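Visitor: Here it is, the structure, as structure tokens.
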Amino acid sequence: MKQPNILFIMSDDHAAHAISAYGSSINETPNLDRIAADGMRLNACFCTNSICTPSRASILTGTYSHVNGVTTLDTHMDNTLDTFPKRLQAAGYQTAVFGKWHLGHGPEHDPTGFDQWRVLPGQGHYHNPVMLEPRNDDRGHEVIERGGYVTDLITDDSLRWLDMRDPDRPFALMCHHKAPHRTWEPSSKHFTLYDDVDIPEPRTLMDDHEGRADVVKAMEMRILDLDPIIDLKALVPPGLSERDEISWRYQRYIKDYLRVIASIDDNVGRMLDWLDDNGLADNTLVVYTSDQGFFLGDHGWFDKRLMYEESLAMPFLARLPGVIPAGSTSDAMAVNVDFAPTFLDLAGVDVPSEMQGRSLLPVLSDAEPDDWPESMYYRYWMHGDWAHNVPAHYGVRTKTHKLIGYYNDPLGQAGAEGPVQPPEWELFDLVADPAEMRNVITDPAYGALARELQIELRRLQTELGDEPHANADAELDRLLA
Ligand code: CA
């Protein structure tokens with residue numbers, strides 16, 4: 001087979017439960033569903049650090065945050081690191097990235113390994129965004145002003161580059177949408193979508209967090225913490241009970257979130273149509289994913305960061321006729337550090353031993369190996385973040401359970417701040433309690449299992465070269481004694 005093309009489409013904060021191929025009860029995404037219908041849906045794809053900058057670095061490098069050094073939003077990626085686009089470029093691929101970069105700017109952080117790039121500075125804007133592109137003299141970037149809507153523009157740039165490419169060489173294109181990141185500003189086309197309907201509320205919208213860790217209760221990412229003007233674009237009607245205010249806020253929030261997703265879906269459709277029209281659908285791997293998940297009112301929250309399912313899970317839809325069976329799904333566990341080895345493997349390029357992930361190609365080919373991982377390691381470093389007060393934590397998720405250790409220490413990481421707090425632990429039974437409402441860490445019935453998970457967590461940390469936090473470790477010993 002000819003070296004396949006790679007079209008990697010990644011959005012920002014698009015939770016799997018807002019994709020109809022994943023059974024969304026709140027929206028329809030017909031074009032994303034085309035990828036699923038003609039390819040595979042991964043049911044257990046997880047982020048190793050659920051926040052924008054670190055996830056992007058892990059995807060490019062195939063390594064965990066503690067290895068690539070990109071632990072928080074403020075630790076920008078060293079652009080001399082080894083990445084899959086560099087290796088594909090060296091193997092003859094045409095490479096490009098358009099859209100959100102969010103790994104830093106300037107000579108040490110601008111995109112490298114790409115024949116062409118045009119990216120948003122930082123988070124970028126939804127309407128009439130400025131973008132950065134390389135200067136002709138190869139010295140830094142220049143700023144250009146664009147007119148239009150960001151999701152359309154990123155797609156326009158991607159399609160223009162595809163039109164101009166050398167048809168005799170394979171391409172790897174990273175199309176990175178800003179949407180549906182906060183502050184959810186729809187295009188004129190979708191501005192009034194959902195105006196006349198009520199979006200169903202998640203079952204855990206009114207979760208009071210009883211029994212969960214104190215630091216989880218103290219997080220400031222409740223629907224009630226959304227800014228009425230900036231996020232909800234309206235004043236809260238006076239006289240509402242707290243419960244009614246949460247419901248009102250949820251509708252304001254979720255409708256704009258879904259409106260900006262409608263534009264992504266349209267634009268993914270444009271790219272799939274382009275592949276069809278150019279006879280390239282059969283030899284192009286198309287991936288749709290997001291840098292992490294998001295809380296859509298689940299547990300009363302918005303945002304991500306936490307190791308709870310809605311934030312931890314990444315959508316991952318992949319299509320490559322002849323390799324990936326149409327209409328298939330897999331429960332095999334995948335993590336974002338697996339993406340880079342997957343693309344290199346597919347291109348027939350050696351995967352460097354420094355990359356910590358595994359190629360997903362056997363899984364995507366519906367041939368999950370017998371020794372495939374049954375657990376994954378997670379670590380969120382950005383303790384006491386100025387915006388949401390989310391605690392630093394790490395943990396292990398197996399197919400049936402999740403153990404989370406809030407070590408509550410900024411550990412001197414750039415962008416992490418706030419006081420060191422006593423460590424706390426949570427344990428969830430994902431079979432009996434998939435919504436993660438019942439923390440069973442002190443339930444004697446789970447004692448033996450908790451000790452097994454403790455051993456598995458340490459095993460993963462050793463295998464991946466990370467270190468446990470001494471106080472958190474001691475606290476878990478105490479809880480399980
Ligand atoms: Ca993100």
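Visitor: Assess whether Pro325 counts as being touching a residue at least 12 places away in the same chain (Cβ under 8 Å), closer than 27 Å to Thr53 by Cα and of a type outside the set (D, E, K, R).
Guide: Values: touching a residue at least 12 places away in the same chain (Cβ under 8 Å): yes; closer than 27 Å to Thr53 by Cα: no; of a type outside the set (D, E, K, R): yes.
So Pro325 does not fit the description; no.
Visitor: Restricting attention to the range 420-444, which residues are under 27 Å from the mean Cα position of the chain (by Cα) and outside any strand (DSSP E or B)? Let's see the steps before the verdict.
Guide: Looking only at the range 420-444, we keep the residues that are under 27 Å from the mean Cα position of the chain (by Cα), and these are 423-439.
If the condition is that a residue be under 27 Å from the mean Cα position of the chain (by Cα) and outside any strand (DSSP E or B), then Pro423, Leu430, Val431, Ala432, Asp433, Pro434, Ala435, Glu436, Met437, Arg438, Asn439 are the ones that fit.
Visitor: Answer yes or no: is there a residue in the range 261-283 that is within 16 Å of the ligand (Cβ to nearest atom), closer than 14 Å to His17 by Cα and not charged (D, E, K, R). Outline the logic, then answer.
Guide: Of all residues in the range 261-283, those within 16 Å of the ligand (Cβ to nearest atom) come to 261, 264.
Subset that is closer than 14 Å to His17 by Cα: 261.
Next, only the ones that are not charged (D, E, K, R) stay: 261.
So far as the range 261-283 goes, yes, one or more of its residues are within 16 Å of the ligand (Cβ to nearest atom), closer than 14 Å to His17 by Cα and not charged (D, E, K, R).
Visitor: Here's another thing I want to ask about it. Tell me which residues, restricted to the range 1-24, are farther than 11 Å from Thr284 by Cα, away from the ligand (no atom under 16 Å from the Cβ) and either among the aliphatic types (A, V, I, L, M) or without any contact (Cβ under 8 Å) to a residue 24 or more places away in the chain (or both). Steps first, please.
Guide: Quick first cut of the range 1-24, residues farther than 11 Å from Thr284 by Cα only: 1, 9-24.
Still in the running and away from the ligand (no atom under 16 Å from the Cβ): 1, 20-24.
Across the range 1-24, the qualifying residues are Met1, Ser20, Ala21, Gly23, Ser24.
Visitor: Which residue, of Thr63, Thr83, Thr53, Thr72, is under 24 Å from Leu411 (Cβ atoms), away from the ligand (no atom under 15 Å from the Cβ) and of a type in the set (S, T, N, Q)?
Guide: Details: Thr83 fails: under 24 Å from Leu411 (Cβ atoms); Thr53 fails: away from the ligand (no atom under 15 Å from the Cβ); Thr72 fails: away from the ligand (no atom under 15 Å from the Cβ).
Just one listed residue meets the conditions, Thr63.
Visitor: Applying the selection to the range 28-50, what residues are in a loop (DSSP other than H, G, I, E, B) and away from the ligand (no atom under 14 Å from the Cβ)? It would help to see each step written out before you state the result.
Guide: Looking only at the range 28-50, we keep the residues that are in a loop (DSSP other than H, G, I, E, B), and these are 28-29, 39, 43-44, 47-50.
Answer for the range 28-50, where residues must be in a loop (DSSP other than H, G, I, E, B) and away from the ligand (no atom under 14 Å from the Cβ): Glu28, Thr29, Gly39, Asn43, Ala44.
Visitor: Report yes if Asn43 is closer than 30 Å to Ala326 by Cα, surrounded by fewer than 24 Cβ atoms within 10 Å (Cβ to Cβ), out of contact with any Phe, Trp or Tyr (no Cβ under 6 Å at 6 or more places or on another chain) and among the polar types (S, T, N, Q), otherwise no.
Guide: On the way: closer than 30 Å to Ala326 by Cα: yes; surrounded by fewer than 24 Cβ atoms within 10 Å (Cβ to Cβ): yes; out of contact with any Phe, Trp or Tyr (no Cβ under 6 Å at 6 or more places or on another chain): yes; among the polar types (S, T, N, Q): yes.
When the stated conditions are applied, Asn43 passes them.
Visitor: Hey, another quick one. Between residues in the range 50-73 that are more than 17 Å from Ala416 (Cβ to Cβ) and of a type in the set (A, V, I, L, M) and residues that are within 13 Å of the ligand (Cβ to nearest atom) and assigned to a helix (DSSP H, G or I), which pairs lie under 8 Å by C-beta distance while being six or more apart or on different chains?
Guide: Cβ pairs passing all conditions: Ile59/Asn336.
Visitor: Residues of the range 291-337 being small (Gly, Ala, Ser), buried (at least 24 other Cβ atoms within 10 Å of the Cβ) and over 27 Å from Tyr394 (Cα atoms), which ones?
Guide: Ala318 - this is the single residue of the range 291-337 that is small (Gly, Ala, Ser), buried (at least 24 other Cβ atoms within 10 Å of the Cβ) and over 27 Å from Tyr394 (Cα atoms).
Visitor: What's the total number of residues in the range 328-342 that are outside any loop (DSSP other than H, G, I, E, B) and closer than 22 Å to Ile51 by Cα? Steps first, answer last, please.
Guide: Applying the first criterion (outside any loop (DSSP other than H, G, I, E, B)) to the range 328-342 yields 328-330, 334-342.
This time we only want the ones that are closer than 22 Å to Ile51 by Cα, so: 334-342.
Number of matching residues: 9.
Visitor: Next question. Sort through Met40, Met77 and tell me the only one that's within 22 Å of Leu464 (Cα to Cα), modelled with pLDDT of 95 or more and touching a Leu at 6+ places or on another chain (Cβ under 7 Å).
Guide: Numbers: Met40 fails: within 22 Å of Leu464 (Cα to Cα).
Criteria check complete, one pass: Met77.
Visitor: Mind telling me which of the residues Thr53, Thr95 ends up being touching a Gly at 6+ places or on another chain (Cβ under 7 Å), closer than 25 Å to Ile264 by Cβ, modelled with pLDDT of 95 or more and not in a loop (DSSP other than H, G, I, E, B)? If you could, list the steps in order and put the result at the bottom.
Guide: Working: Thr53 fails: touching a Gly at 6+ places or on another chain (Cβ under 7 Å).
Of the residues listed, the single one that is touching a Gly at 6+ places or on another chain (Cβ under 7 Å), closer than 25 Å to Ile264 by Cβ, modelled with pLDDT of 95 or more and not in a loop (DSSP other than H, G, I, E, B) is Thr95.
The values are calculated or read from the model by the stated rules, or taken from the named source; none is laboratory data. Please read all numbers here as calculations on a predicted model, not as lab measurements. Glycine gets a Cβ as well: all are built from the backbone with ideal geometry, and neighbour counts include every protein chain shown.
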